[in-house]
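Quick note: the coordinates plus some simple rules give every number you see, no bench work behind them. Remember, predicted model here, so these are calculated numbers, not experimental data. Here the Cβ positions follow ideal geometry from the backbone for every residue, glycine too, while neighbour counts run over all protein chains shown.
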Amino acid sequence: MSWRTGHSYDELRGIDVAAAIVAGMPEPGPARRILFAEAAIAASLAAQDLGVGPHPVRFLAGCVRSLGLDGALQLPEPLIGDQPTQLVREWMSAAHTGPDPDVARDDLFARWLEAVALLIAVRRQALHPGQPGDRGPGAPDEGG
């Protein structure tokens with residue numbers, strides 16, 4: 001069971017992350033809280049299931065901050081591998097709510113990606129305590 005949300009990881013895996021992004025991006029409130037809680041956990045689980053580590057997600061957050069969502073959507077491979085790329089493109093497309101650049105939206109989405117990366121790192125550390133960094137033995141490749 002997830003300590004923060006009261007939901008099991010299986011329940012969290014069933015969350016439509018893209019829908020939560022669409023609902024949570026426009027303005028503060030309950031949908032935004034869900035975006036940064038349940039949806040961030042669900043996203044971290046989905047990424048981790050594909051072998052994505054925290055560093056590539058943090059790097060993508062930096063790309064979103066510096067390039068904006070428009071620029072990040074143009075990256076040929078925002079995460080290494082077809083499945084991880086498809087996953088984050090779905091998230092970025094959901095966050096990209098309009099044709100005009102929006103620095104506040106880009107920053108909010110970058111903060112959300114950083115939260116996802118932190119959750120991946122914390123879960124890895126909890127599963128493999130005492131290991132340096134945020135990777136334990138047998139952890140999936142950080143490349144994706």
HN-Hα J in Hz across the range 88-97 - Karplus 6.51, -1.76, 1.60, θ = phi - 60°, x for Gly and Pro: 6, 5, 4, 5, 5, 4, 5, 6, 7, 8
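Taking the highest mean first, how do the peptides 99-108, 85-94 order by number of other beta carbon atoms within 10 angstrom per residue?
85-94, 99-108
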Relative contact order, percent, the range 1-114 [alpha-carbon distance under 8 Å, six or more residues apart]: 30 percent
